[in-house]
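Notes to accompany the following structure.
The values are calculated or read from the model by the stated rules, or taken from the named source; none is laboratory data. From a predicted model like this one, the values you see are computed outputs, not experimental measurements. We place every Cβ from the backbone using ideal geometry, glycine too, and count neighbours over all the protein chains shown.
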Amino acid sequence: MGKTLGLAARSETDCGAAMSDTALRVRALSVEQWGNSGAVTMVGRSPALVALQKKVEKAARFHEPVLITGESGVGKELAAQALYLLSDRRGKPYIPVNCPQHGDGNLTASELFGHRRGSFTGAIADRKGAFESADRGMIFLDEVADLHLGTQAMLLRAVASGEFKPLGDTRSRIADVRVVAATNRPLNELVSTKEFRHDLYFRLRYFLLQVPPLREREDDWRLILDVLLAGLRRKYGVEKRFSSSSTKLLEHYEWPGNVRQLVSVATMGYAMADNNVIMPDDFIAQLETDESHGDGQGEILERMATGGESFWNVVYRPFMDRELNRSQVRAVVRRGLMAAHGNYQDLLDIVHLPKSDYQKFMDFLRHQKLKP
Ligand SMILES: Nc1ncnc2c1ncn2[C@@H]1O[C@H](COP(=O)(O)OP(=O)(O)OP(=O)(O)O)[C@@H](O)[C@H]1O
Ligand SMILES: [Mg+2]
């Protein structure tokens, strides 16, 4: 059963304070204020995030369903919480429900709509569902793409008319619930393969909020990092900052795991740093993704770093001959940059190129869009 979020239990005054610190006034607040509010805050000043904040703010005034899309870890749930706090449903229940991909469809249906005792194996007592519990509030349906087709039909009815029937019950009930759903899978494609009902898809996307990936949000990562470090300082009492080589390294990073990955970089760096300055070694493990581990990029770098082979032979030529693709080369460069603490001049040494090749090397990366 989805738990009722702490937010819903807050007093009106608390929620009022949280609201004034959310998307509405996001640009007017300093990092200190953000850090101290403890509120649900979509931190960021980039045009892409500001556009999203405005949409959240507008959608919050209505009661129709909302569909939030975006890559993993971008802040979909955070956007849902901000929308809730900005709406006149704040202070009423906010109930998040996970839609599991595997397992028995009955379980999610029962989570959403409740059941009567004996309605299916394991239903040993009557149970109230999320729709009933969320009356006058909001339900957050996470990973809605994974919902069983049978449950999708029941959800369609509930979303369209507010009517639902607990499993095994003969009587329908009505609830006034705002439905906010999220997914990181392409729902429109699932509609064309008939894995997701098209009528439900169009019902849910009355308001479509697309949360941009962190790499498309300019320097927002710096702002979020400051907020995270301020939070860690309050929690653990010690002030720490990222060294300039650490920051340089992050400047070239694409954040495949988005804001969630940034949170882990900040936390790991803060915890591992021996003194008040966080060095690349303290958090580098959090930057290594499957992509940079998997397809032999480490081996390619090794051939240059310790095998003495040159970048032009080991990377440039295979890339031009299409033996290596763009993302593989990017991963090699990223790994090399990590070893070079974010410095391209030092990277040249690592990949056995003379200083005189610097311009040619940088031009190649730039023209072929290979900077990580
Ligand atoms: N703009 C932001 N400012 C500050 N923190 C953020 C921001 N966006 C996301 N976060 C934080 O990043 C983490 C991931 O966010 P969230 O859980 O909302 O992402 P998600 O898109 O729902 O992820 P998933 O696809 O994995 O479910 C959370 O700790 C959240 O508080
Ligand atoms: Mg989520």
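Among the conditions (1) farther than 26 Å from Leu86 by Cα; (2) at pLDDT 90 or above, Asp146 misses just one, which is (2).
Could you list, in sequence order, the residues of the stretch 203-259 that are among the small types (Gly, Ala, Ser) and on the phi < 0 side of the Ramachandran plot?
First pass over the stretch 203-259, keeping only residues among the small types (Gly, Ala, Ser): 230-231, 237, 243-246, 257.
Answer for the stretch 203-259, where residues must be among the small types (Gly, Ala, Ser) and on the phi < 0 side of the Ramachandran plot: Ala230, Gly231, Ser243, Ser244, Ser245, Ser246, Gly257.
In the set (1) over 17 Å from the mean Cα position of the chain (by Cα); (2) assigned by TED's automatic domain parsing to the domain that holds Phe283; (3) modelled with pLDDT of 95 or more, the condition left unmet by Asp220 is number (1). Residue count for the stretch 120-156, restricted to those that are in contact with a Ser or Thr (Cβ under 8 Å, 6 or more places away or on another chain) and assigned to a loop (DSSP other than H, G, I, E, B): 6. Taken over the stretch 72-86, the criterion of being surrounded by fewer than 22 Cβ atoms within 10 Å (Cβ to Cβ) and either more than 11 Å from ligand 2 (Cβ to nearest atom) or small (Gly, Ala, Ser) (or both) is satisfied by Ser72, Gly73.
Return yes or no: is Leu208 farther than 28 Å from Leu348 by Cβ and in contact with a Lys or Arg (Cβ under 8 Å, 6 or more places away or on another chain)?
On the way: farther than 28 Å from Leu348 by Cβ: yes; in contact with a Lys or Arg (Cβ under 8 Å, 6 or more places away or on another chain): no.
Taking the combined requirement at face value, the residue does not satisfy it.
Remark: Glu132 falls outside the filter, which requires a residue to be within 25 Å of Leu187 (Cα to Cα), in the same structural domain as Val180 (by TED's automatic domain parsing) and either within 16 Å of ligand 1 (Cβ to nearest atom) or not hydroxyl-bearing (Ser, Thr, Tyr) (or both). Per the conditions (1) surrounded by fewer than 21 Cβ atoms within 10 Å (Cβ to Cβ); (2) more than 16 Å from ligand 2 (Cβ to nearest atom); (3) among the charged types (D, E, K, R), the sole criterion not satisfied by Arg89 is (1).
Any idea which residue in the stretch 221-277 is nearest to ligand 2 (Cβ to nearest atom), counting only those that are hydroxyl-bearing (Ser, Thr, Tyr) and surrounded by 21 or more Cβ atoms within 10 Å (Cβ to Cβ)?
Checked the stretch 221-277; the qualifying residue nearest to ligand 2 (Cβ to nearest atom) is Tyr270.
When the residues of the stretch 224-233 are filtered to those that are within 8 Å of ligand 1 (Cβ to nearest atom) and under 11 Å from Gly44 (Cα atoms), the one that is nearest to the chain's Cα centre (by Cα) is Ile224.
Could you identify the single residue in Val314, Val351, Val333 that is touching a residue at least 40 places away in the same chain (Cβ under 8 Å) and on the phi < 0 side of the Ramachandran plot?
Residue meeting the stated conditions: Val351.
Taking first residues from the stretch 197-218 that are touching a residue at least 12 places away in the same chain (Cβ under 8 Å) and partners that are among the basic types (Lys, Arg), the Cβ contacts under 7 Å between residues at least 6 apart in sequence or on separate chains come to Leu209/Lys55; Val211/Lys76. If you go through the stretch 167-190, how many residues are more than 16 Å from ligand 2 (Cβ to nearest atom), under 28 Å from Gln53 (Cα atoms) and in contact with a Phe, Trp or Tyr (Cβ under 6 Å, 6 or more places away or on another chain)? Result for the stretch 167-190: 2.
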